[in-house]
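The values are calculated or read from the model by the stated rules, or taken from the named source; none is laboratory data. Only a predicted model underlies this, so the values are computations on that prediction, with no experimental measurement involved. Backbone-built Cβ (ideal geometry, glycine too); neighbour counts: all protein chains shown. These area figures cover heavy atoms from the full protein model, side chains too; ligands, DNA and RNA do not enter into them. Shrake-Rupley method; radii C 1.70, N 1.55, O 1.52, S 1.80 Å.
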Amino acid sequence: KHTHTHIHKHTHASLSLSFSLVAGSCPCEAMAMASLTVAFVLVLAVGTRAQQPGTQKNDQHPPLMVSDCTADGCTSKEHKVVIDANWMWEHKVGTYTNCYEGDEWDKSLCPDPVTCAQNCALDAGTIDDYKSTYGVSTQGDTLSLQFVTKTQYGTNVGSRNYLMQDDSNYRMFMLKNKEFSFDVDVSTLPCGLNGALYFVQMDQDGGLSKYPNNKAGAAYGTGYCDAQCPHDLKFINGEANILDWAPSPTDPSSGTGKYGTCCTEMDVWEANSMAWAVTPHPCNVTGQTRCQGTACGDGAQRNDGVCDKSGGDLNPYRLGVKDFYGKGQTVDTSSKFTVVTQWITHDNTTTGNLVEIRRKFVQNGKVFETPSFQLAGTTYNSVTDAMVNAQKKVFNDSNTFGARGGLKTVGDHMDNGMVLVLSLWDDYEAHMLWLDSDFPPNRPSSQPGVSRGPCATTSGNPKDVESQSPDATVMFSNIRFGDIGTTSGGGPSPPPPPSPGPPSPPPPPPSPGVCTGCGYNCDDSCHCGHCNTHAFCDESEKNCLGPCNGGNNAKWCGPNATVTN
């Protein structure tokens, strides 16, 4: 059994008198899904994924302002948002005939994977349709995702959306030695909901140039992948996923095919008003990759696949800090706050190895660091390989994170750029207990790693959440990306490493032959080949032996150490 897993929002759709479209998001221990149900009305019916661009509707992309930051300030630029192809209306090219109904494919249109992709087209609709049909709207730098959206045609639940740099390409983020910040309002998200922001290693054009039968591309939200290697995407690599298609045992209008689609995943933010987690997931494949059999890591072969499905998570509540996050707590989820994430490399450059992921919050002008916690007698407050390794041992979890290369693998895959995903979903399989309650629920909460949040184990049932909290909305705003320490505002950042540019001037040199702090190539008495002149490295043993120890030859000499230069 696995105590922490992730499932992404995967959409299932069918069309008959009505159709149900189910979405899954990022993390969880089973196939988590959020459902979308829309009545069968030909013009506005929302269908499954297709691989040809449609012309039956005036397809548009909502605009969203995003800022890039340097030490000189931040510059805002208009980007676009596109909903995943799974939510779009799929129909025969040039007609209103649907390609998939109930939990079955139209065999006349889809006799084989290639023919199906050639016959079926996608349409999403106008900016007004995004809001009225999907609950997705933008205003300036704010993206709002409404949970349940009812129209005369039916009911939509949840969505998964991608940030575009223009109308044809996703925005690619190079995250190493960078900082990413956003404001978020989760005040209306109860137990069982997940307003997620994360990165995956999708193709910039959604697979348009790579797969001949994918003529839709990023403009139509194609090419999704994640570390769960989902099988429920109906089109993968430009082909319909109809081989070995099996209806879902829990949802009569969804199913899974022979293939999954895998890639490294960086879960920056998975949260509601009760709990949050940050979780990197390394994979042994580079970029969006179609899998089958053992490589997908399904069921009992979970730990044998190409991806680390459980991830290296940091959830303070799970780690024993239960008074930091929530309504009325240090980070008060009854109002908006800022989330800041930093990806630190071993040599403080954009080309170095990823060695740490840091998190802080800013609210009402105050900065709150991730609280410290202990594992096996060692104190941590960020994601490092050492922290994850210790956590896996204490929680008795299989360390597939380390086996897939840990943070270095995640960082290596960041070099190719990653796509930003923003979603809202509920969980049909595990009820989001893996995020905000005791999980697995049949284990005692006193067992290390079981208690992940304050929600009851009876919470999170989608039927209850959808009926009791239909207006729940997550709002992401003021998205900023840039150099370490440039995006957060609201006070000082955690001590950053030097930027890739010229380092800050060193402090005045000490007496000849003597320096303090961090030395290199030292003997037991701290007589060293040279000493570090950067204040960040000299500040603490953690900095010296962590980010400043790229050559594995550093020694912490402490205050007033003697070093021979």
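Points worth noting:
- Computed extension length for GLN374-ASN58: 108.3 nm, one decimal, from 0.36 nm per residue of separation with the Cα-Cα distance subtracted.
- Region 169-276 - percent of accessible surface contributed by carbon and sulfur, probe 1.4 Å: 55
- Backbone HN-Hα couplings from phi across region 70-81 [Karplus 6.51/-1.76/1.60, Hz, Gly and Pro as x]: 9, 4, 8, x, 10, 10, 8, 9, 6, 10, 10, 10
- Accessible carbon and sulfur surface of region 292-421 relative to its total accessible area, %, 1.4 Å: 44
- Solvent-accessible area, 1.4 Å probe, carbon plus sulfur percent, for region 125-164: 41
- Dividing the mean sequence gap of close Cα pairs (under 8 Å, 6+ apart) by how many residues region 211-368 holds gives a relative contact order of 16 percent.
- Under 5 Å, built H, 5+ apart or other chain: amide partners of ALA277: GLU270
- Sequence-distant residues sharing a close amide H with SER248 (under 5 Å, placed H): SER254, GLY255, THR256
- Computed with every protein chain present, the accessible area of THR350 is close to 60 Å² [probe 1.4 Å].
- Once backbone amide H atoms are built at 1.01 Å from N, ARG160 has ASP84 as its partners under 5 Å, excluding neighbours fewer than 5 places away on the same chain.
- Once the C-beta distance of THR294 and ASP112 is scaled by a Förster radius of 22 Å, the resulting FRET efficiency is 0.30 to the nearest 0.05.
- Rolling a 1.4 angstrom probe over the protein heavy atoms with all chains in place gives region 152-279 an accessible area of 23 Å² per residue.
- Each Lys and Arg contributes +1 and each Asp and Glu -1, all at the Cβ; summed about the Cα centre of region 149-243, the dipole is approximately 140 debye.
- Cα pair count fraction exceeding 24 Å, expressed as % - region 267-404: 38
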